[in-house]
Amino acid sequence: MAAATMIEYDEASPAVRAVFDDIKASRNVLDVNNFWKYLARDPALLQRTWESVKQVMAPGALDPLTKEMIYLAVSVTNGCAYCIASHTAAARKAGMTEEMFGEVMAVTGMANETNRLANGYRVPIDPMFD
């Protein structure tokens, strides 16, 4: 059960509606997803988070698909079911194939395993990596 309630567009303040409108226009969707509706309980947090997401996820040196697959991998590592679902859908929309999804999961799993082994053994960093 959720700890808070969502803020729907028709019950939102003008500041929240402005962010919702920007999200809908930027993503070309009819409604914002539940994540944004929950953050809308704190309009400043909603605004700050949306602005950060827009900046970080905008095309740059990394293309949008690569960024979504990285976000997916981190979401798997953090165990966020909501983010896994959201960013899997976004990555698929950006062109991720089933084969790519499989490789992202394989790399994510392998990285988590070897990271834990390196941490557990307290492996010192090789001088060549500095």
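Full extension of the chain between ILE70 and ASN28 gives 12.9 nm of extra length, using 0.36 nm per residue less the Cα-Cα distance.
Segment ALA89..ARG41, full-extension length gain: 14.8 nm, with 0.36 nm per residue of separation and the alpha-carbon distance subtracted. Ellipsoid semi-axes for the chain, based on the Cα gyration tensor and the rule √(5λ), read 33, 17, 15 Å when sorted largest first. Each helix, a run of at least 4 DSSP H residues, gives -39500 (n - 2.57); summed and divided by the residues of the chain, these come to -21500 deg cm²/dmol at 222 nm. The distance separating the Cα centre of the range 6-31 from that of the range 70-102 comes to 24 Å. Per-residue Karplus couplings for the range 120-130, computed as 6.51 cos²θ - 1.76 cosθ + 1.60 with θ equal to phi - 60°, are listed in order as x, 7, 6, 5, x, 6, 5, x, 5, 8, 7 Hz, Gly and Pro entered as x. When only the Cβ of Lys, Arg, Asp and Glu is charged (+1, +1, -1, -1), the dipole of the chain relative to its Cα centre reaches about 200 debye. Given a Förster radius of 30 Å and the C-beta distance between VAL123 and GLU51 as r, what FRET efficiency does 1/(1 + (r/R0)^6) yield to the nearest 0.05? Once rounded, the FRET efficiency stands at 0.15.
Restricting the chymotrypsin sites (Phe, Trp or Tyr not before Pro) of the range 8-117 to loop positions (DSSP other than H, G, I, E, B) with no more than 10 neighbouring Cβ atoms within 10 Å leaves nothing. Residues of the range 76-101 with the amide nitrogen closer than 14 Å to a label point 7 Å from the Cα of ALA4, along Cα-to-Cβ, please. The answer is none, because no backbone nitrogen lies closer than 14 Å to the label point.
Just so you know, all these numbers are worked out from the coordinates, no wet-lab data involved. Source: prediction; values computed, not measured. Counting neighbours? That spans all protein chains shown, and the Cβs are built from the backbone with ideal geometry, glycine included.
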